[in-house]
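The values are calculated or read from the model by the stated rules, or taken from the named source; none is laboratory data. Only a predicted model underlies this, so the values are computations on that prediction, with no experimental measurement involved. Quick reminder, even Gly has a Cβ in these numbers, built from the backbone with ideal geometry, and neighbours come from all protein chains shown.
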Amino acid sequence: SYNESIVAAALAGDLPDIIDVDGPVMPNWAWSGYMVPLQLSDGALDDFLPGAIGTWNGEVYSVGLWDAAIGMFARRSVLEANGIRIPTLDDPWNLDEFDAALETLQATGDFEYALDLGMAWTGEWYPYAFSPLMQSFGGDIIDRSTFTTAEGAINGDEAIAFGEWWQSLFDRGLAPGTSQDGADRDTGFIDGKYALQWNGNWAALGALDAFGDDMLYLPAPDFGNGSRIGAASWQFGVSANSEHQDCGFAFIEHAIQDEYLAAFSNGIGLVPATASAAALTENYAPGGALEVFYELSNAQGTLRPPTPAYLSAALTFEKALADIANGADVIDALDAAADEINADIEANGGYGFDGSVVGPDIQNDAIANQ
């Protein structure tokens, strides 16, 4: 894997000058000594989406030239035909509304499933796409007050409530489970198999081509603790063994100019890291076809737990959610996840945390509100 290649190169002292790192993985690499804090000009990151800034231990180690955002894909005609309110950023669906919408759409018989969550996509998709839903219930992968335990976060009452609702989606036949075919994930919404789809901005243009003005990209529901989506995509940092660190810093500062952020967005389709860069793009400028995804990223984007423990905890979270979807006892699955995460934290000496309450520059939970 890419992570294993980086670890091997670091041990051999053979890392490149510039490292491309997935945002939630960065704290592990910084803690491991693979990266150094960036030295950028004052104010260089002032206008950046919070999710595009990689911070560890109070210092910036990485910067993204883009971010990604998830929305609820829907068709206006389908919602209106079934009397379902179209939510907005300021007034998203709550749990009861969202659940009722799913039941209504399933009952039409027009779709195989009311909702496609993307269960065929494994790996980082699970914590990226689904842990913000748990957070909206009030749970989390790790207790962010200290980052030294998962107890009470991934297996507390709020997380259990999420797990029970999560399992009910599959028990009630509202969403395809872990056996979903990958091809159905890719084209099922466009083919009419799914009424709603939880998907990212990278898939938005294909849906827009299929449905035109009927296409909607809706905000995440608010399950009681705010509407949340994942934040932080791939970012650039400078390796600790680079003999040209000043050049690395200079390259990154050059690359984060708006003209290059806009060029990256136009080239790869992802969300520009600044509003001024978004204004230079075809799709994310005001009135652009994908403008809503910049708004979603800015308003709802939430970091996955910024701790070195995340690298292991993400796999544990993925397994727990897959097991629950497949019928495992919710409490047992979440308790087991807490135990596994705690064992990893203990085995690694707390990953640099000592149990004291950490500051918001590290915790960085609801990043859109800071």
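Where in the range 149-264 are there helices (runs of 4 or more DSSP H), lying fully within it, with 1 or more residues that are assigned by TED's automatic domain parsing to the domain that holds residue 126 and of a type in the set (S, T, N, Q)?
So the answer is 157-171, 182-187.
Six or more apart or on different chains, Cβ atoms under 9 Å: show the pairs whose first residue is in the range 59-71 and at positive phi and whose second is part of a loop (DSSP other than H, G, I, E, B) and at pLDDT 95 or above.
From residues that are at positive phi, there are no pairs.
What's the total number of residues in the range 39-52 that are surrounded by 23 or more Cβ atoms within 10 Å (Cβ to Cβ) and under 14 Å from residue 236 (Cβ atoms)?
Going through the range 39-52 one residue at a time, the tally reaches 1.
Test each condition in (1) assigned to a loop (DSSP other than H, G, I, E, B); (2) among the aliphatic types (A, V, I, L, M); (3) within 20 Å of residue 330 (Cα to Cα) for residue 134 and report the one that comes out false.
That leaves (1) as the condition not met.
Residues checked against (1) of a type outside the set (Asp, Glu); (2) closer than 16 Å to residue 74 by Cβ; (3) touching a residue at least 24 places away in the same chain (Cβ under 8 Å):
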{"residue": "123", "(1), (2), (3)": "yes, no, yes"}
{"residue": "138", "(1), (2), (3)": "yes, no, yes"}
{"residue": "144", "(1), (2), (3)": "yes, no, yes"}
{"residue": "156", "(1), (2), (3)": "yes, no, no"}
{"residue": "165", "(1), (2), (3)": "yes, no, yes"}
{"residue": "188", "(1), (2), (3)": "yes, yes, yes"}
{"residue": "207", "(1), (2), (3)": "yes, yes, yes"}
{"residue": "217", "(1), (2), (3)": "yes, yes, yes"}
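Considering only residues that are acidic (Asp, Glu) and touching a helix residue (DSSP H, G or I) at 6+ places or on another chain (Cβ under 8 Å), look in the range 260-298 and name the one that is nearest to residue 219 (Cα to Cα).
That would be 291.
Looking only at the range 190-205, filter to residues that are hydrophobic (A, V, I, L, M, F, W, C) and touching a residue at least 60 places away in the same chain (Cβ under 8 Å); which one of those is farthest from residue 85 (Cα to Cα)?
Filtering the range 190-205 for residues that are hydrophobic (A, V, I, L, M, F, W, C) and touching a residue at least 60 places away in the same chain (Cβ under 8 Å), the one farthest from residue 85 (Cα to Cα) comes out as 202.
May I ask you to list the residues in the range 84-98 that are in contact (Cβ under 8 Å) with a residue 60 or more places away in the chain, over 17 Å from residue 197 (Cβ atoms) and outside any loop (DSSP other than H, G, I, E, B)?
Passing the criteria: 94, 95, 97.
Can you tell me which residues in the range 274-295 are more than 21 Å from residue 46 (Cβ to Cβ) and touching a Pro at 6+ places or on another chain (Cβ under 8 Å)? Break it down into steps so the answer makes sense when it comes.
Kept after step one, since they are more than 21 Å from residue 46 (Cβ to Cβ), are these residues of the range 274-295: 282-283, 287-293.
Hits for the range 274-295: nothing passes.
Does residue 343 meet the test of being crowded, with 19+ Cβ neighbours inside 10 Å, of a type outside the set (Val, Ile, Thr), over 18 Å from the mean Cα position of the chain (by Cα) and modelled with pLDDT of 95 or more?
Numbers: crowded, with 19+ Cβ neighbours inside 10 Å: no; of a type outside the set (Val, Ile, Thr): yes; over 18 Å from the mean Cα position of the chain (by Cα): yes; modelled with pLDDT of 95 or more: yes.
Answer is no for this residue.
Pick out the one residue from 128, 113 that is of a type in the set (Phe, Trp, Tyr), crowded, with 19+ Cβ neighbours inside 10 Å, under 23 Å from residue 344 (Cα atoms) and touching a residue at least 60 places away in the same chain (Cβ under 8 Å).
Details: 113 fails: under 23 Å from residue 344 (Cα atoms).
That would be 128, the only listed residue that is of a type in the set (Phe, Trp, Tyr), crowded, with 19+ Cβ neighbours inside 10 Å, under 23 Å from residue 344 (Cα atoms) and touching a residue at least 60 places away in the same chain (Cβ under 8 Å).
What's the number of the only condition in (1) under 18 Å from the mean Cα position of the chain (by Cα); (2) at pLDDT 95 or above; (3) not hydrophobic (A, V, I, L, M, F, W, C) that residue 269 fails to meet?
Every condition holds for residue 269 apart from (2).
Kindly indicate the residue of the range 249-266 that is within 22 Å of the chain's Cα centre (by Cα) and without any contact (Cβ under 8 Å) to a residue 24 or more places away in the chain and also farthest from residue 61 (Cα to Cα) among those meeting that condition.
Filtering the range 249-266 down to residues within 22 Å of the chain's Cα centre (by Cα) leaves 256, 261-262, 264-266.
From what's left, without any contact (Cβ under 8 Å) to a residue 24 or more places away in the chain: 262, 266.
Numbers: 262: 22, 266: 26 Å.
By that ranking, first place goes to 266.
Would you pick out the residues in the range 16-62 that are out of contact with any helix residue (DSSP H, G or I) (no Cβ under 9 Å at 6 or more places or on another chain) and not in a strand (DSSP E or B)?
26, 30, 42, 43, 46
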